[in-house]
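Read through the structure below, which is laid out as structure tokens, and then see the notes.
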Amino acid sequence: MLISLILILLALLGTPLFAIIAAGALLGFYQNDVDLTVVAIEFYRLTDMSILLAIPLFTFAGYLLSESRAPQRLMRLTQALLGWLPGGLAMVSLTACALLTAFTGASGVTIVALGALLYPALMQAGYRENFSLGLITTSGSLGLLFAPSLPLILYGVIAQQMSVGRPFTIDELFLAGIMPGLLMLMLLSGWSYFQNRYLPLIKFTATEAWQAIKEARWEVPLPFVVLGGIYSGYFAVSEAAAVTTVYVLIVEVLIHREISLQNLPEIMRKAMVMVGGILVILGVSLASTNYMIDADVPGLLFGFVKEHISSQLTFLMALNIFLLILGTLLDIFAALVIMIPLLLPIAVGYGVDPVHLGIIFLANMQIGYFTPPVGMNLFIASYRFQRPMLQLYIATLPFFFILLLSVLIITYWPALTLGLASLR
């Protein structure tokens, strides 16, 4: 107990998360007279996971896209096609942010990359300031359920290593996220239409639409290449990541020439710093997971929960509340590696499908990014737009309740998540 309290205190004082997890695993193995080289062995096991090749490759591709003018081209394209709808510019913003977040895997990058473009455009079009701030702050994390989202891949890796519940593939996870992600986009689009139905519309012109399509002709095929290749079985997820990276590299460096060869090392450095952090945390968390399984921590925790919660419906409600709170306190990657080894066996014990749990987890964490008092998106948006936190709290409240409704639908309607995968 004393050691646990010391580790918690060190975490609160800002000690790196991987060090806390590693220390807990090492102390646990030491107390049970297990050779500490088991931690190094877990790191070595990472080299046998071919799926992990997708993480650095997709991350690098996402950073390349965010550093180029691809977000602006995507914005122009969606505005040309949807701007004539009531609330169309808001729908454009939601779509553009969701697509960029799906590739970068980090909502903060989306707010920084698209915020300077979207916020002035929304204000100039007559949207209210609080609506505009709430929309951008919220939509920065919308793409986490869409392939090739890094949190989706990471959840799959952790869950597959635990071998709890039925086996599934990363492809199945990608399919599972489509309908829940679209539900969130549709509900937010409906709210945008209702709130801004009296604003003047942007006239649709075939010329502007054609020019926007022509300008974005190299970016438009990218999602179809990635998802079509995976779901058709033409190539695996790791191969799709390699194809994506080479494609983006050629388009942004050689065709558009918006990223110089001199800037490539710096972009690669920023991307790999993020990847390095994820892999270090993943390595020590696998060791920690092995210790918890050996000590039957998930079993003991399941027994405790079972004493107080008897039904699956009540468990899912309690899970949503817990994950919403967790999302305000932890980064999504840290939450995945710490909590999935504990939550997955409990959820399976209540009859929750592992794929369904993954989508529930990420949907809740997505909301946690902008949930007061410490949601990360709130701080990023406050700094980016120079607005007080209280204003952002108020601005995001309607979006919070809409997405909370979508999370409840996702939670209690498993077919929404599992339907597409079952058709394969």
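The values are calculated or read from the model by the stated rules, or taken from the named source; none is laboratory data. Bear in mind that the values here come from a model prediction, so they are computed numbers and not experimental data. Cβ placement follows ideal geometry from the backbone for every residue including glycine, while neighbour counts extend to all protein chains displayed. The area values use the complete protein model at the heavy-atom level, side chains included, leaving out ligands, DNA and RNA. Shrake-Rupley method; radii C 1.70, N 1.55, O 1.52, S 1.80 Å.
Per-structure values
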quantity	calculated
Evaluation of GLU252 against (1) open to solvent by 30 Å² or more (accessible area, probe 1.4 Å); (2) assigned to a helix (DSSP H, G or I); (3) charged (D, E, K, R) (one fails), failing number	(1)
Leading residue by the ranking (most open to solvent (accessible area, probe 1.4 Å)) among those in the range 391-418 that are of a type in the set (Phe, Trp, Tyr) and under 25 Å from ASP353 (Cα atoms)	TRP413
Test set (1) under 23 Å from the mean Cα position of the chain (by Cα); (2) more than 30 Å from SER422 (Cα to Cα); (3) charged (D, E, K, R); (4) surrounded by 13 or more Cβ atoms within 10 Å (Cβ to Cβ) - GLU258 fails condition number	(1)
Given (1) within 16 Å of LEU144 (Cα to Cα); (2) modelled with pLDDT of 90 or more, index of the condition ASP353 fails	(1)
Subset of the range 50-101 (residues that are closer than 13 Å to THR244 by Cβ and touching a Lys or Arg at 6+ places or on another chain (Cβ under 9 Å))	TYR63
Cross-chain or 6+ apart pairs with Cβ under 8 Å, the range 278-292 first and in contact (Cβ under 8 Å) with a residue 12 or more places away in the chain, then of a type in the set (Asp, Glu)	GLY283/GLU42; VAL284/GLU42; LEU286/GLU42; ALA287/GLU42; ASN290/GLU42
Flag for LEU357 being surrounded by fewer than 23 Cβ atoms within 10 Å (Cβ to Cβ) and out of contact with any Lys or Arg (no Cβ under 9 Å at 6 or more places or on another chain)	no
Some residue of the range 159-171 being under 20 Å from the mean Cα position of the chain (by Cα) and of a type in the set (Phe, Trp, Tyr)	yes
Verdict on VAL275 being farther than 18 Å from LEU150 by Cα, touching a helix residue (DSSP H, G or I) at 6+ places or on another chain (Cβ under 8 Å), touching a residue at least 40 places away in the same chain (Cβ under 8 Å) and not hydroxyl-bearing (Ser, Thr, Tyr)	no
Single condition PHE379 does not satisfy, out of (1) farther than 23 Å from LEU183 by Cβ; (2) at pLDDT below 85; (3) part of a helix (DSSP H, G or I); (4) open to solvent by less than 60 Å² (accessible area, probe 1.4 Å)	(4)
Cβ pairs under 8 Å, 6+ apart, first in the range 219-242 and under 22 Å from ARG257 (Cα atoms), second surrounded by fewer than 16 Cβ atoms within 10 Å (Cβ to Cβ) and modelled with pLDDT of 75 or more	VAL220/ILE213; ALA241/LEU53; ALA242/LEU53
Helices (runs of 4 or more DSSP H) (entirely within the range 115-196) containing at least 3 residues that are without any contact (Cβ under 8 Å) to a residue 24 or more places away in the chain	170-195
Residue satisfying condition, being surrounded by fewer than 24 Cβ atoms within 10 Å (Cβ to Cβ) and hydroxyl-bearing (Ser, Thr, Tyr), within set SER139, SER189	SER189
Qualifying residues in the range 360-376 (those that are in a loop (DSSP other than H, G, I, E, B) and open to solvent by 50 Å² or more (accessible area, probe 1.4 Å)) - the one nearest to VAL337 (Cα to Cα)	VAL374
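Residue-wise test of (1) surrounded by fewer than 18 Cβ atoms within 10 Å (Cβ to Cβ); (2) at pLDDT 85 or above.
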residue: GLU219; (1), (2): no, no
residue: PHE224; (1), (2): yes, no
residue: ALA236; (1), (2): no, no
residue: ALA242; (1), (2): yes, yes
residue: LEU264; (1), (2): yes, yes
residue: MET268; (1), (2): yes, yes
residue: VAL273; (1), (2): yes, no
